[in-house]
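K.L.:
Supplied in structure tokens, the structure appears directly below.
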Amino acid sequence: MLAIQLTRFGEPEKSLEVADLPEPPAPAAGQALIQVEYAPLDHHDLLLAQGVYPVRPELPTAIGNEGVGTVVSVGPGVTEVRPGARVLLPFGVFSWSERVVAEAADLTVVDKSISLEQAAMLTINPVTAGLLVGLRDLPAGSWVVQNAANSGVGRSVIVFAGERGLRTINIVRRAELVSELRGLGADIVVADSADAGARVREAVGSDPVLLGFDGVSGTATALLLDVLTDGALLTVYGYLSGRPFTPDPDVLRAKNITTTEFWMYQDEFLPRLPALAAESAQLVAAGRLVLPSAPVYKAADFPKALAYFREHGKVLLDFNPLRA
């Protein structure tokens, strides 16, 4: 059975390898055997490989933080799923393997009207967005602000905020993204510039902005602090800049802003993940949420997929050996 195996923590080009592993055991009571269809290769997967992600499994092991598969067989007593069902792989089941065993009760069944490629990307970015917009109980019409608004999480934030009756202020790095994000339902979109904060404040007037999401960190945090108002919460969930989260302490004190770092697999969030994954699937099926597309590589071509990722970003790994 083909898998992408992590042999040691360190540089992914050296620590991740295509391997032939034994088949998983037949599913026991309450379990399901799943043929993995597609699994993304994303930034958080490489953080795990480098040993800097909060999850640190025993080695050697296959990794992969999300994916979609087809149920092959089920163990005794399983009623949640049946063979042939399309399911999202839950947290803790590493997806970079042709076949995996999972607890049936942890699986989310998705409608087959959703493409396998879209389904493979449902359990991290959209679920993260759903959790972020719920970090504060804000009344309808309230503003939230985010950078990295054109990212997978950022696009999902626009949709989930709209579903919750919230309005979004979206910061991007390229002006050509403004009209595209407005087409997704973004209320305000501004390109990062010296006067971006002033333009946002002119647009929102005296309305408070009490919740912000930082997916970039580094110097990009300053603009979020400029937009947020007194008593706001700023959550950092990513480090696309490659620089640490270092907000200006004087601004934090002056505006009484609270900061926190976010990880979707914190104990307090775990009970909410299946429902948010199911809601994400419903939004995709209804056409209200469209996840960014990604090129597909056969899992056996993992080195090529990793090289592409380094240059361009997310790819999908195809683990079904019967697919041409």
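The values are calculated or read from the model by the stated rules, or taken from the named source; none is laboratory data. Since this is a predicted model, take the numbers as computed values, not measurements. Heads up, the Cβs are rebuilt from the backbone with ideal geometry, glycines too, and the neighbour counts pull from every protein chain shown. Areas reflect the complete protein model, heavy atoms only, side chains present, ligands, DNA and RNA absent. Shrake-Rupley method; radii C 1.70, N 1.55, O 1.52, S 1.80 Å.
K.L.:
So residue 196 clears everything in (1) in contact with a Leu (Cβ under 8 Å, 6 or more places away or on another chain); (2) open to solvent by 30 Å² or more (accessible area, probe 1.4 Å) except one condition, right? Which one?
P.N.:
(2)
K.L.:
Something else about it: Of all residues being of a type in the set (D, E, K, R) and open to solvent by less than 60 Å² (accessible area, probe 1.4 Å) in segment 295-322, which is nearest to the chain's Cα centre (by Cα)? Just the residue, please.
P.N.:
Keep residues of segment 295-322 that are of a type in the set (D, E, K, R), which gives 298, 301, 304, 310-311, 314, 318.
Narrowing the set further to residues that are open to solvent by less than 60 Å² (accessible area, probe 1.4 Å) leaves 314, 318.
Values: 314: 11, 318: 19 Å.
My answer is 314.
K.L.:
Across segment 174-225, what is the total count of residues that are farther than 14 Å from residue 155 by Cα, free of Cβ contacts under 8 Å to residues at least 12 places away in the same chain and among the small types (Gly, Ala, Ser)?
P.N.:
Here is the first cut: in segment 174-225, the residues farther than 14 Å from residue 155 by Cα are 174-176, 190-212, 216-225.
Next cut, free of Cβ contacts under 8 Å to residues at least 12 places away in the same chain only: 176, 193-195, 198-199, 202, 205-206.
Checking which are among the small types (Gly, Ala, Ser) leaves us with 193-194, 198, 205-206.
Final tally of qualifying residues: 5.
K.L.:
Name the strands (runs of 3 or more DSSP E) wholly within segment 124-234 that hold at least 1 residues that are within 30 Å of residue 266 (Cα to Cα)?
P.N.:
Values: elements: 143-146, 167-172, 188-191, 209-214.
So the answer is 143-146, 167-172, 209-214.
K.L.:
Got a sec? Which of 83, 126, 76 is out of contact with any strand residue (DSSP E or B) (no Cβ under 8 Å at 6 or more places or on another chain) and either more than 15 Å from residue 277 (Cβ to Cβ) or of a type in the set (S, T, N, Q) (or both)? Show your work before the answer.
P.N.:
Values: 83 fails: out of contact with any strand residue (DSSP E or B) (no Cβ under 8 Å at 6 or more places or on another chain); 126 fails: either more than 15 Å from residue 277 (Cβ to Cβ) or of a type in the set (S, T, N, Q) (or both).
Just a single option satisfies the conditions, and that option is 76.
K.L.:
Being under 20 Å from residue 299 (Cβ atoms), within 22 Å of the chain's Cα centre (by Cα) and buried (at least 16 other Cβ atoms within 10 Å of the Cβ) narrows it down to one of 48, 2, so name that one.
P.N.:
Working: 2 fails: within 22 Å of the chain's Cα centre (by Cα).
Being under 20 Å from residue 299 (Cβ atoms), within 22 Å of the chain's Cα centre (by Cα) and buried (at least 16 other Cβ atoms within 10 Å of the Cβ) holds for just one of 48, 2, which is 48.
K.L.:
Exactly one condition in (1) at positive phi; (2) touching a residue at least 24 places away in the same chain (Cβ under 8 Å); (3) within 20 Å of the chain's Cα centre (by Cα) is not met by residue 77; state its number.
P.N.:
All conditions pass for residue 77, except number (3).
K.L.:
Contact list please: Cβ distance under 7 Å, first residue in segment 244-261 and open to solvent by 70 Å² or more (accessible area, probe 1.4 Å), second residue among the polar types (S, T, N, Q) and outside any helix (DSSP H, G or I), pairs at least six apart or on different chains.
P.N.:
What qualifies is 244/217.
K.L.:
Looking at this structure, is residue 36 aliphatic (A, V, I, L, M) and more than 28 Å from residue 267 (Cα to Cα)?
P.N.:
On the way: aliphatic (A, V, I, L, M): yes; more than 28 Å from residue 267 (Cα to Cα): no.
So residue 36 fails the test.
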